[in-house]
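Student: Once you've had a glance at the structure underneath, I'll fire off some questions.
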Amino acid sequence: MNRSDALTVAGTSSRHAADGRAVCFSVAVLPTQTVSADADLLALALANLLANAAEYADHGSTVTLTAPP
C-alpha cells in the first residue's frame, strides 16, 4: 500500500475530530513510499492516531504526520 494513500484515508476519517477544535493536519510523506501492511488496519491505526492527536492538541494548532524515507 502506498503510504500517502493510507494517510489520505486516515485523514479523511479523522477530519471530524479535528474540525471541532480548529486543528489542521499536515502530512509530509513522499507519494512513492510504500509499506507492506493490511490496508484497512493501517488506515484504522493512522485514523486513531490522528483522532487522538486532534483531541489532545491545542485549539487551532497543526498536527504534523511524517514518514521517513
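The values are calculated or read from the model by the stated rules, or taken from the named source; none is laboratory data. None of these values were measured; they are calculated from a predicted model. Protein only, heavy atoms only, side chains kept; ligands, DNA and RNA dropped before computing areas. Shrake-Rupley method; radii C 1.70, N 1.55, O 1.52, S 1.80 Å.
Student: Among the residues of the stretch 25-45, count how many are open to solvent by less than 80 Å² (accessible area, probe 1.4 Å) and over 24 Å from Y56 (Cα atoms).
Tutor: The total comes to 4.
Student: Let me spell it out: the conditions are (1) among the hydroxyl-bearing types (S, T, Y); (2) at pLDDT below 85; (3) open to solvent by 80 Å² or more (accessible area, probe 1.4 Å), and T62 meets all of them except one. Which number is the exception?
Tutor: All conditions are met except number (2).
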